[in-house]
Each structure stands twice: as C-alpha cells, then as structure tokens.
Amino acid sequence: GDLDESSRRKRNRLLNLNKEAARFFHSQLHSPVGQPGLDYLQRRGLSKGIMTRFGLGFAPDSWDSLIRAMAQKGYEKRDLLDAGLAVSNQKGSIYDRFRNRVMFPIIDLRGDVIGFGGRVLGEGTPKYLNSPDTPVFNKSRNLFALNLAKKHQAGPDRPDRGVYGHHFPLPGRV
C-alpha cells in the first residue's frame, strides 16, 4: 500500500543520508580539521588501512558542519533530525548531534550505514554517544562492525577494501 511505499522511501532516504554522513565524517578525518581525531586513532594503534576498512571518521567541533554539508546534497534539517544526526533544543535551534568526536559507522548485514557511535575528544560528556533509535536503527538490535562477518567485504585478497568498498568509493579512492 501507499503507507508501505512511503515508509520504504523514507527508510531509503535515511540510509542514503547516513551513507553521505559517513562519507563526510571520513573525509573530515583526513582533513586539517580532523587532525585531533587522526592523532587519537593513531595513538590507539590503528593504521590508515583499518580506519578505511571500518569507515572511521571525525565530527568537527562545530554546531552545524554536518547540517551544512548535507544541505548541499539536498537534505533538510528534518531529515537529519529523523536520522538522529541533529538535535533541536527548547528554543527550536537545530544543531549537529556529534561534535568533536571520532566517528564509528554502525553497519548492518546488508552493508547499510544505519547509525553512528562517537567518542568525544577532550573532556566532553558523554564520552561515548550513539545514534538514538530511528526508523533504520535500533540500539538494542544492531552492533558495530557486524558486516565484517560477511566474507565478501574484506579478505586476504583485498585488505585495503573499506566497509563501504563495493557500496561507494571513499574520497580519494576508486
């Protein structure tokens, strides 16, 4: 029926938005603004290959960098609220949920980005922040890096292949 079609369209829009957000966070990690995040991950012993394989990223210390980047791709603030990527305060201002955080995409068995986990850099709280429940993400059901159980994602023949390898090219990769 129409309701099913409408909720399927909404689900696909949110999944596409999450994929674009993951690309944005990943690109930020490898830009000057992401240097603190890159330093943190390298101190933890993670190689560039691992960062790419897991699609790790960085959310800049800004109130609206993701909102602005996604607006350029045609997403409205309502979409970001629905995806749990933005929050609104009592006054109705809308701002990025994840700020100054190393970002870990949460990916389901189909390889879709369904949510995010973010670890704050510095003294902010909470230390770890996850996406809230959304139409595409249920915190109690979904686990980070589940998709690595899938054989075709990465193997000895393709150690450099990112979690998104066959879903979309990351910046600077083919």
Full-extension gain between Tyr40 and Ser6, please, as 0.36 nm times their residue separation minus the C-alpha to C-alpha distance.
8.1 nm
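Hey, got the dipole for the range 1-134? About the Cα centre, +1 on K and R Cβ, -1 on D and E Cβ, debye to the nearest 20? If you can, show how the numbers build up before the last one.
Values: 22 positive and 15 negative charges, 61 e Å.
Approximately 300 debye in magnitude.
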Cα centroid distance between the range 99-136 and the range 79-98, in Å?
14 Å
Go through 43-53, 76-86 and give me the packing order, highest mean Cβ count within 10 Å leading.
76-86, 43-53
Take Val87 and Thr125, extend 7 Å from each Cα along the Cα→Cβ direction, and tell me the distance between the two endpoints in nm.
1.3 nm
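What order, most packed first, do the peptides 108-120, 126-138 have when packing is the mean number of other Cβ atoms within 10 Å of each residue? List each step's numbers first, then the result.
Values: 108-120: 19.8, 126-138: 16.1.
Ranking, from highest mean packing down: 108-120, 126-138.
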To make sure I understand the rule: partners must be aspartates and glutamates, Cα under 16 Å from the Cα of Lys48, and not fewer than 8 residues away in the same chain. Which ones qualify?
Asp39, Asp160
Work out the length of the dipole vector of the range 1-70 about its Cα centre, built from +1 on the beta-carbon of each Lys and Arg and -1 on the beta-carbon of each Asp and Glu, and round it to the nearest 20 debye.
260 debye
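Each value in this text was obtained by applying a stated rule to the coordinates, not by laboratory testing. These numbers were taken from a predicted model, which means no experiment stands behind them. Every residue, glycine among them, receives a Cβ derived from its backbone with ideal geometry; neighbour counts consider all protein chains shown.
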